Amino acid sequence: MKDITLGQYYPVKSPVHSLDPRTKIILTVLLIVFVFISKTFAGLGICALFILLVDFIARIPLKNLLKSLKAIGFIIFFTFLLNLFFFTQGNAVFEYGIIKITDSGITRAVFMAIRLILLIVGAGLLTFTTSPIELTDGLERLFTPLKVIGFPAHEIAMMMSIALRFIPILSEETDKIMKAQSARGAVFDQGKLTKRVKAIVALLIPLLVSAFHRALELANAMEARCYHGGEGRTRLKVLKMTKKDALAFAIMGIFCLIIVVDNLILSKIFLVG
Amino acid sequence: MQNIIEIKQASYKYEDESQEVLHQIDLNVKKGEFLCVLGHNGCGKSTLAKLINGLLIPTSGSVTVCSMDTRNEELLIPIRSRAGMVFQNPDNQMVATIVEEDVAFGPENLGVEQAELRQRVDNALDAVDMRQFALSAPNRLSGGQKQRIAIAGIIAMEPEIIIMDEATSMLDPKGRREVLETVHRLNKEKGITVVYITHFMEETVLADRIIVMSGGKIEAEGTPKEIFANTEKINQLALEVPPSTKIAQKLAENGFNVDANILQPEELLEELCQLV
Ligand SMILES: Nc1ncnc2c1ncn2[C@@H]1O[C@H](COP(=O)(O)OP(=O)(O)O)[C@@H](O)[C@H]1O
Ligand SMILES: [Mg+2]
């Protein structure tokens, strides 16, 4: 059976992996916020060091972590160019017709690019060290208090976990239908556009029909097993914060403090943008 | 012994359909009984199963499970927790991405406390001999193993009845044997009542009783021996007798001194040995 990996979870045992998913979600949000409010290169450097440190503790090869940048490399490059060409304050270092590149424009473009890279890599730390199921669990628990204002925390988590359960099944089925259609002469990757669209439709319709059929059967099976929404439901797995989580929060606190100090003191000296 | 399931004059018609699917079914099942339901595709076996655990409510007549009437909406959750159901497609009844969490799904819905939940899940996995797969992903399991997990998911609700709705029809012979052995063991060791729906004749030979359905009615009823001895009726319902019985019947027809009522290969072997 084919084994597709979802997301980019990197399954090893490490102190970071074993943290409570709620801790990791909160800390990642904090990390993102503090990368955002860092005003100096020194601040970004501290963020980078912090991310590297966590990555090292989590035993994730740096190569893998950086791979997550590939998908959005274009966006990083595009923001870089935008900042380079459209930031016109400062001394011009290059002028040609309407194009004017200034020294502070270059600094700003580099700064923004680094900030984006750190944001992506920082958020990546969460998905690398937390399996999709743990993430779902963590998010459900974190959002549970919002139930009082009608936020469907349980329902969303249930949908996410069912999706996680069925993605491999449906992807395998797609494969099967594709092979069956190919055997009857369908071509998915060449030929005229209309022909390809036809082939895709011939793939999507049976897939959709099957997905609906599965959904109906699953609903029946869930009902037969006494499912009646999230009310009064208990859970086999309870999330528990331990000393490790406290330590993680403490380390994060120190990191945040450094960024604040850096912003207050160093930014007066090397203000960027 | 007391009846754990009592079906009285129950009929069922699907909404938007003109024809009734089940016609005034009368059926009692005793506590601890292993009942097989045989019948062709579309004869209403699944509909009957769904009536028993309250997924469907009879359009007329009544269904009572553990003295609870399925027409009473407030009793549906207790009824479903007493009468668990395993479906045909192993993939379309698993909710969680980890085996033990799937097993826990039923009791979680019932609000069982965490410590007891843990105990129930472990016991249920032991009962189907799947403890070592507790932390696996369902996708990695064979069809037979998935159905055993589905059974464990029911056992964890501590039911009195298990309804198997053609739960072996998508499995290979090995998987079918695993599943059938598992329910027979649960029936013997835990005294769980089993309603076993199938169209494989050979799966019914160890049942306490068989009912044969056709066109939404119960056409024949009896012990496996009684059912398979009535070759005419079986042929009329276009069902097929188990292979061992067929061989014995052919031998008896041709003048050999064998018992034509045997059901299992072992019995056939004995008969044959006694010939030589
Ligand atoms: N949800 C439904 N809506 C309408 N008709 C249905 C539905 N489910 C089953 N039927 C019809 O009811 C009859 C009995 O179906 P079913 O109980 O599934 O039979 P079996 O399980 O013996 O194959 C069939 O003719 C089928 O077409
Ligand atoms: Mg059926």
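Considering only region B:17-59, state which residues are near ligand 1 (Cβ under 8 Å from one of its atoms) and of a type in the set (Val, Ile, Thr). Result: B:21, B:47. Of all residues in region B:252-270, those being over 17 Å from residue B:202 (Cβ atoms) and open to solvent by 40 Å² or more (accessible area, probe 1.4 Å) number 7.
Residues in region A:228-255 that are touching a residue at least 40 places away in the same chain (Cβ under 8 Å), more than 7 Å from every other protein chain (Cβ to nearest Cβ) and open to solvent by less than 50 Å² (accessible area, probe 1.4 Å): A:229, A:230, A:239, A:245, A:248, A:252, A:255.
Scanning region B:136-157 for residues that are farther than 18 Å from residue A:220 by Cα and either in contact with a Lys or Arg (Cβ under 7 Å, 6 or more places away or on another chain) or within 11 Å of chain A (Cβ to nearest Cβ) (or both) returns B:137, B:138, B:139, B:140, B:141, B:142, B:144, B:156. The residue that is modelled with the lowest pLDDT, among those in region B:92-117 that are part of a helix (DSSP H, G or I), within 7 Å of chain A (Cβ to nearest Cβ) and open to solvent by 30 Å² or more (accessible area, probe 1.4 Å), is B:114.
Among the residues of region A:145-159, is any open to solvent by 50 Å² or more (accessible area, probe 1.4 Å) and within 14 Å of chain B (Cβ to nearest Cβ)?
Going residue by residue through region A:145-159, those that are open to solvent by 50 Å² or more (accessible area, probe 1.4 Å) are A:145-152, A:155-156, A:159.
Next, only the ones that are within 14 Å of chain B (Cβ to nearest Cβ) stay: A:155, A:159.
Yes - at least one qualifying residue is present in region A:145-159.
How about region A:165-200: which of its residues are part of a helix (DSSP H, G or I), more than 14 Å from chain B (Cβ to nearest Cβ) and within 30 Å of residue B:140 (Cα to Cα)? Even if it seems obvious, please write down each step before you answer.
Filtering region A:165-200 for residues part of a helix (DSSP H, G or I) gives A:165-183, A:193-200.
Filter once more, so that each one left must be more than 14 Å from chain B (Cβ to nearest Cβ): A:174, A:177-183, A:193-200.
Answer for region A:165-200, where residues must be part of a helix (DSSP H, G or I), more than 14 Å from chain B (Cβ to nearest Cβ) and within 30 Å of residue B:140 (Cα to Cα): A:174, A:177, A:178, A:179, A:180, A:181, A:182, A:183, A:200.
Considering every residue within region A:220-227, establish whether at least one is open to solvent by 90 Å² or more (accessible area, probe 1.4 Å) and either away from chain B (no Cβ under 14 Å) or assigned to a helix (DSSP H, G or I) (or both). No: region A:220-227 contains no residue that is open to solvent by 90 Å² or more (accessible area, probe 1.4 Å) and either away from chain B (no Cβ under 14 Å) or assigned to a helix (DSSP H, G or I) (or both). Taken over region B:5-16, residues that are open to solvent by 10 Å² or more (accessible area, probe 1.4 Å) and more than 16 Å from ligand 2 (Cβ to nearest atom) amount to 6. Identify all residues within region A:93-118 that are open to solvent by less than 50 Å² (accessible area, probe 1.4 Å) and farther than 21 Å from residue A:38 by Cα; write none if there are none. Matches in region A:93-118: A:101, A:102. Does residue B:169 satisfy the criteria of being under 16 Å from the mean Cα position of the chain (by Cα), in contact (Cβ under 8 Å) with a residue 60 or more places away in the chain and within 16 Å of ligand 1 (Cβ to nearest atom)? Taking the combined requirement at face value, the residue satisfies it.
Do you know which of the residues in region B:30-47 that are within 14 Å of ligand 2 (Cβ to nearest atom), outside any strand (DSSP E or B) and more than 14 Å from chain A (Cβ to nearest Cβ) is surrounded by the fewest Cβ atoms within 10 Å (Cβ to Cβ)? Once the filter is applied, the top-ranked residue is B:41.
Would you be able to say whether some residue in region A:164-172 is without any contact (Cβ under 8 Å) to a residue 12 or more places away in the chain and hydroxyl-bearing (Ser, Thr, Tyr)? No, the conditions are met nowhere in region A:164-172.
In the set (1) small (Gly, Ala, Ser); (2) within 30 Å of residue A:230 (Cβ to Cβ); (3) outside any helix (DSSP H, G or I), the condition left unmet by residue B:150 is number (3). Per the listing B:51, B:56, the residue uniquely within 16 Å of ligand 2 (Cβ to nearest atom) and open to solvent by 10 Å² or more (accessible area, probe 1.4 Å) is B:56. With respect to residue B:99, determine if the residue is touching a residue at least 40 places away in the same chain (Cβ under 8 Å), more than 15 Å from the chain's Cα centre (by Cα) and within 18 Å of residue B:162 (Cα to Cα). The answer is no for residue B:99.
The values are calculated or read from the model by the stated rules, or taken from the named source; none is laboratory data. Worth saying up front: this structure is predicted, and the values here are computed from it rather than measured. For neighbour counting, all protein chains shown are included, and Cβ atoms are generated from backbone atoms with ideal geometry for every residue, glycine included. Just the protein is used for accessible areas: all its heavy atoms, side chains included, with ligands, DNA and RNA removed. Shrake-Rupley method; radii C 1.70, N 1.55, O 1.52, S 1.80 Å.
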